[in-house]
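We did not get these values from a lab; they are worked out from the coordinates using the rules stated. These figures come from a predicted structure and were not determined experimentally. Here Cβ is always computed from backbone atoms with ideal geometry, including for glycine, and neighbour counts include all displayed protein chains.
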Amino acid sequence: MKLTDFKFEIEGLNIPDTPLEKRDKARLMVLNRAEKTIEHKEFADIHEYINEGDVVIYNNTKVFPARLNGKKEKTDADIEVFLLRELMPENMLWDVLVEPARKIRIGNKLYFGEGDDELMAEVVDNTTSRGRTIRFLYDGPNQDLYDILDRLGKMPLPPYIEREPVEEDKERYQTIFATERGAVAAPTAAMHFTPELVKKIEKKGAEFLPITLHIGWGTFRTVEVEDLTKHRMDSDNYFVSAETSEKINKALKSKKNKVIAIGSSAVRAIETSVMASGMSKPGTGWTDKFIYPPYDFKITEALVTNFHRPESTLLMLSAAFGGYDFVMEAYEEAKEKDYRLFSFGDAMLII
């Protein structure tokens, strides 16, 4: 398939920049692949499609406030640093994007905050035109560093959202499953779940199982090649526990229970953790798995996902799972029925 197969106009579409106050009141479009039917529901109705013995895979990554405003040494010039990923926790090394990049060179020291919250970093390498590697000059434990970032940083909202992040975004750009800090983008399909909805599903005998995939800024990176076979995904760190893997395999072997993935990040993690037998294996590492049509899914049997931006790798993954023609038809229907789209929008369940 080609990049332009996933192009559509977004002008005039319903694209919110905040989530609904009641998360499970979002709309839910249900796509049945076997029957080629489309239903329109409320997200709280998703329990109707989840049964006893099913396993629901969620990403427990937590978005941290990755945007830091600070000053450059000597000149006192204003700078912004966007923390992309932690490279070597023991050495406080991070990959970052910097602005204005032309003024930030190897050896420069950067200052953030003031008083007890003052944080200093040194630029140790150039990675790309805007990319740098920095070392925080901080003597405390990593946990304390993250606490300082929580106080000093701003949330990394999706780049198409033009408003500035506010303090409330530290809560509302998270899922109820968020426990493991390390992401710079939220697994937004899971943002529709509430504690009450999870309990309702669990009472039916289904089980929620965690994986961790720290979503990087590459999830928003523009695909720049028409031939999708030439696109390379950024790598994201993931972890699948032995317990999650074991219970996934039990559901797969049962033939009657489904493995339901919440969001593309959960899919990428579990489809990375596949043995030659087609079963899941526990593990940790980095994945650059790029899923686009056609793709032979080994583990994922149902998918909860949002409506994604045109020409995005997230849309391509949805089309690979639901079928290109069927998913693009569903997007046309979503536009006609004024569904809320993208990160803070409504959801789709593909079964």
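General remarks:
- With respect to the chain, whose longest principal axis is taken over its alpha-carbon atoms, helix 242-254 is tilted by about 20°.
- What the phi angles of segment 2-10 give under the Karplus curve with 6.51, -1.76 and 1.60, with θ = phi - 60°, is a coupling list of 10, 4, 5, 5, 10, 8, 7, 7, 10 Hz, glycine and proline written as x.
- By other beta-carbon atoms within 10 Å, ranking Arg33, Arg102 with the fewest at the front produces Arg102, Arg33.
- Karplus-based coupling profile of segment 196-208, in residue order and whole Hz: 5, 5, 4, 4, 4, 5, 5, 5, 7, x, 7, 10, 8, with θ = phi - 60° in 6.51 cos²θ - 1.76 cosθ + 1.60 and x standing for Gly or Pro.
- For Glu99, distant residues with modelled amide H under 5 Å away: Glu80
- Placing pseudo-labels 7 Å out from each Cα toward the beta carbon at Ser241 and Asn32 gives an inter-label distance of 3.5 nm.
- A P(r) calculated from all alpha carbon pairs of segment 67-152, with 10 Å bins opening at zero, reads 18, 58, 23, 0 percent.
- For the chain, a Gaussian network of Cα nodes joined below 10 Å ranks Glu168, Glu301, Glu202 by mean-square fluctuation, and the top entry is Glu168.
- Hydrodynamic radius of segment 15-99 per Kirkwood, over alpha carbon pairs, in Å: 18.1
- Phi angles across segment 308-324 convert, under the Karplus curve 6.51 cos²θ - 1.76 cosθ + 1.60 with θ = phi - 60°, into 3J(HN,Hα) values of 9, 5, x, 6, 8, 5, 5, 5, 4, 5, 4, 5, 5, 7, x, x, 4 Hz, Gly and Pro given as x.
- Only helical runs count toward this figure. For the chain, summing -39,500 (n - 2.57) over DSSP H runs of n ≥ 4 and dividing by all residues gives -5500 deg cm²/dmol at 222 nm.
- Rg to Rh quotient for segment 211-255, alpha carbon positions, Kirkwood Rh: 1.19
- By other beta-carbon atoms within 10 Å, ranking Glu118, Glu99, Glu9 with the fewest at the front produces Glu9, Glu118, Glu99.
- Cut-off 13 Å, label 7 Å out along Cα→Cβ of Lys103, residues of segment 70-89 by amide N: 70-81
- In loop segments of segment 160-229 as defined by DSSP, the trypsin sites (Lys or Arg not before Pro) with at most 16 further C-beta atoms inside 10 Å of their C-beta are Arg163, Lys204, Arg221.
- Counting beta carbons within 10 Å around each of Ser277, Ser265, Ser245 and listing the fewest first gives the order Ser277, Ser245, Ser265.
- Once both labels are positioned 7 Å from their Cα atoms along Cα-to-Cβ, the gap between Glu332 and Glu202 label points is 4.3 nm.
- Answer label, with Rg/Rh (Cα atoms, Kirkwood Rh) calculated from the coordinates and candidates [x] 0.98; [y] 1.07; [z] 0.95: [x]
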